[in-house]
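Peer 1: The structure under discussion is supplied below as structure tokens; questions concerning it will follow.
The values are calculated or read from the model by the stated rules, or taken from the named source; none is laboratory data. Source: prediction; values computed, not measured. Cβ sites come from the backbone with ideal geometry, for glycine too, and all protein chains shown count toward neighbours.
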Amino acid sequence: MKKNRQAEIAKSLTGKELIFHLLLTQAFIILLAVILIWILSSHISNFFNLFIWDTIWIVAGVVSALVVVSIDLLLMKKVPPEYYDDGGINEKIFSKMSAWKVALLSILIAFAEELLFRGAIQTHFGFWAASIIFALVHFRYLTNWYLFLNVCLLSIWIGLLYEWSGQQILPVIFMHFTIDFLLGIKMSRNSVHND
């Protein structure tokens, strides 16, 4: 899809419509993840073993997220604004959104995507399969080499954290949530200050 087509789509949909489609997509991702895990796992305990709480790895996930967000915020000041242009979709979704709504949306996205890409795909098909599919699913970034490179590198980092933690899903959910939440809050606050 061309960049100007993404901008047309973003302009044609309201923020509420974009959020509705995002919620629908996340529900589909959760359903797909549960079906895949159910089919591919030899025992139901394998599913629950993904959710073991390990404080050290949870902290590693949050610290990783803070590093990613810090680098991203620094680069936002250094590179031309068009490098971060996704057609206005993220801005429209997070525009003037309250912190608790950003948090709810971020936890839903983090849970759904990590359950599918790490819990189902990476666990059963490996690191590279999950990393590549994660990057390709974020297809709207394919028209912007910079955003696509960012999502590829982030996918690899999340996949590595999942492997290093012994395939624990909570550290990567915390990492994904923290990144989405902090950047969502930034977009929400920017929209308030730009009015």
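For every residue, the table says whether it meets (1) surrounded by fewer than 21 Cβ atoms within 10 Å (Cβ to Cβ); (2) modelled with pLDDT under 95; (3) under 26 Å from Q168 (Cα atoms).
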{"position": "D85", "(1), (2), (3)": "yes, yes, no"}
{"position": "S98", "(1), (2), (3)": "yes, yes, no"}
{"position": "S106", "(1), (2), (3)": "no, no, yes"}
{"position": "A112", "(1), (2), (3)": "no, no, yes"}
{"position": "F117", "(1), (2), (3)": "no, no, yes"}
{"position": "Q122", "(1), (2), (3)": "no, no, yes"}
{"position": "A129", "(1), (2), (3)": "yes, no, yes"}
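Peer 1: Another question, if that's okay. Here is a list: W145, W157. Which entry is closer than 24 Å to M76 by Cα and touching a residue at least 40 places away in the same chain (Cβ under 8 Å)?
Peer 2: After ruling out the rest, the residue left standing is W157.
Peer 1: Free of Cβ contacts under 8 Å to residues at least 40 places away in the same chain and either over 14 Å from the mean Cα position of the chain (by Cα) or more than 15 Å from L161 (Cβ to Cβ) (or both) - does that describe any residue in region 89-99?
Peer 2: No, there is no match, as no residue in region 89-99 is free of Cβ contacts under 8 Å to residues at least 40 places away in the same chain and either over 14 Å from the mean Cα position of the chain (by Cα) or more than 15 Å from L161 (Cβ to Cβ) (or both).
Peer 1: Being part of a loop (DSSP other than H, G, I, E, B) and surrounded by 12 or more Cβ atoms within 10 Å (Cβ to Cβ) is the filter here; which residues of region 20-50 pass it?
Peer 2: Result: S41, L50.
Peer 1: If you don't mind, another one. What pairs come out if I take residues in region 50-74 that are within 12 Å of F174 (Cβ to Cβ) and pair them with residues that are surrounded by 13 or more Cβ atoms within 10 Å (Cβ to Cβ) and of a type in the set (F, W, Y) whose C-beta lies under 8 Å away, six or more apart or interchain?
Peer 2: That search, which allows pairs on different chains as well, returns I58/F174; G61/F174; V62/F174; S64/W157; A65/F174; A65/F177.
Peer 1: Still on this model: Would you kindly identify the helices (runs of 4 or more DSSP H) lying entirely within region 56-146 that contain at least 1 residues that are more than 19 Å from G159 (Cα to Cα)?
Peer 2: 89-94, 99-114
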